[in-house]
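Enquirer: Input: one structure, supplied below.
The values are calculated or read from the model by the stated rules, or taken from the named source; none is laboratory data. Since the model is a prediction, treat every value here as computed from it, not as a measurement. Virtual Cβ from ideal backbone geometry, glycine too; neighbours counted across all protein chains shown.
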Amino acid sequence: MAYAQPFPLAQPLQKVQQPTFGPDLAVRLICPECRDPNPNIVEEFSSGDLVCGTCGLVLGDRVVDTRSEWRTFANDEGDDPSRVGAASDPLMDGMEQLDTTISFRDGGSGLARELQRAASRSSASRSERNLLQAFRDISNWCDQFSLPKTISDIAKQLYKRSDEEKLLRGKPLDAVIAACIFIACRQAHVPRTFREICNLTHVSKKVLGQCYKALEQAFNLTPGASQDRHSSTPSGTTGPEDLLIRYCNHLDLPPNVQPICADVIKKARELGIADGRSPVSIAGGAIYFTCHLLGKVKPARDISSVAGVSEGTIKLVYRLYYAEKEKLVKEEWIKDGRASLDRLPVDNSSK
């Protein structure tokens, strides 16, 4: 007869000792050359690389620079201005330059209409909206005219001052902007004629002249607010020398034509030849005279289309220059072989 063994008494549980330190599960970047468990990794944001500081091995590239674009002093200037959009425009004086448009599609709940009403009440005033629209028009027209940003900024300053002082109240907005661009071109020594500004802005010459005269008197431009490069021409006016570079470029003339043409105009001014003529007419006639003098003949029709004056006016100035050709042409030009008086046509009226 078999007897079952009694169940052994429960043994006391032994306390399992836990490790003091667990495994390091952190992912670390170790230099394969140095094999240092504590590597000296340097981030070079200028080149966008991760470099080992011990041996100089490049461990990674295209590191994104998350730092500020410029140094800031939060205690002095408030919040950090980094990564918040474009730089502020000092002409705006803190006005909002971003617009928020509420969509019309709201599923028929009518919420969009309420949001549009709230947005319209919180939007900028009418004067601020008009100023922003004028600044946009100035930038667009300057871009169409291939004018630098300097002229655009000057025109914006002139318009803002005229708007604050209510100098041209009742005048069309396009005419005021056109006058500001015209004055800005003269102050930046990149003059444009009335005809060119009118063709660009589609403003009549009469209205543009009225706005220009009002701004000229208000800004005190007549005595010398616009410092011209040519001391022989009245300050604030466009001289024919200022127009030569553009006209010669449009006519595809050689580089030596423009300086000789400028010397001819200066000599003619000293002698009083063609006094009282417009700068555009003098520039066109001088180019026609110089082209024949140097043997680089250009038809009067081509010069007329570029300068914006009639062929008869160009030929009239040419005849005045031809009558005093010995005084206008320097002897060194003839000795060098660049110029020849025999190339000048005698009877220009038939050509």
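Enquirer: Return yes when Lys330 is under 36 Å from the mean Cα position of the chain (by Cα), surrounded by fewer than 17 Cβ atoms within 10 Å (Cβ to Cβ) and basic (Lys, Arg) and no when it is not.
Expert: So Lys330 fails the test.
Enquirer: List the pairs whose first member sits in region 242-267 and is touching a residue at least 60 places away in the same chain (Cβ under 8 Å), whose second member is among the β-branched types (Val, Ile, Thr) and surrounded by fewer than 21 Cβ atoms within 10 Å (Cβ to Cβ), and whose Cβ atoms are under 9 Å apart, counting only residues at least 6 apart or on separate chains?
Expert: Leu243/Thr193; Tyr247/Val306; Lys267/Ile273
Enquirer: Can you find a residue that is crowded, with 17+ Cβ neighbours inside 10 Å, under 26 Å from Asn199 (Cβ atoms) and in contact with an Asp or Glu (Cβ under 7 Å, 6 or more places away or on another chain) anywhere in region 263-272?
Expert: yes
Enquirer: Okay, moving on. With the structure loaded, tell me whether Cys185 is in a helix (DSSP H, G or I), in contact with a Pro (Cβ under 6 Å, 6 or more places away or on another chain), surrounded by 18 or more Cβ atoms within 10 Å (Cβ to Cβ) and at pLDDT 80 or above or whether it fails that test.
Expert: Yes.
Enquirer: What is the residue count in region 128-160 for residues that are at pLDDT below 85, loosely packed, with under 12 Cβ neighbours inside 10 Å and either closer than 24 Å to Gln217 by Cβ or of a type in the set (Asp, Glu) (or both)?
Expert: Looking only at that region, the number is 0.
Enquirer: Under 9 Å between Cβ atoms, which residue pairs at least 6 apart in sequence (or on different chains) link something in region 161-177 that is in contact (Cβ under 8 Å) with a residue 12 or more places away in the chain and under 15 Å from Lys206 (Cα atoms) with a partner that is aliphatic (A, V, I, L, M) and assigned to a loop (DSSP other than H, G, I, E, B)?
Expert: Pro172/Val203; Asp174/Val203; Ala175/Leu168; Ala175/Val203; Val176/Leu167; Val176/Leu168; Ile177/Val203
Enquirer: Out of Ser310, Ser304, report the one residue that is within 26 Å of Thr193 (Cβ to Cβ), in contact with an Asp or Glu (Cβ under 8 Å, 6 or more places away or on another chain) and at pLDDT 85 or above.
Expert: When all the criteria are applied, what remains is Ser304.
Enquirer: While we're here: Do you know which residues across region 29-59 are modelled with pLDDT of 75 or more and at positive phi?
Expert: Arg35, Gly56
Enquirer: For residues that are hydroxyl-bearing (Ser, Thr, Tyr), farther than 19 Å from Val257 by Cα and in a helix (DSSP H, G or I), tally how many sit in region 292-351.
Expert: 3
Enquirer: Considering each residue of region 261-299, count those that are hydroxyl-bearing (Ser, Thr, Tyr) and at positive phi, and give that number.
Expert: The total comes to 0.
Enquirer: Any residue in region 206-234 that's of a type in the set (S, T, N, Q): show its pairings with residues that are at pLDDT below 85 and not in a helix (DSSP H, G or I) at Cβ separation under 7 Å, as long as the two are six or more apart or on different chains.
Expert: Going by the 7 Å Cβ cut-off, the qualifying pairs are Thr222/Gly236; Ser226/Ser235; Ser226/Gly236; Gln227/Ser235; Thr233/Gly239.
Enquirer: Does region 274-296 hold any residues that are among the aliphatic types (A, V, I, L, M) and at pLDDT below 85, and which are they?
Expert: Once the filter is applied, which keeps residues that are among the aliphatic types (A, V, I, L, M) and at pLDDT below 85, region 274-296 yields only Ala274.
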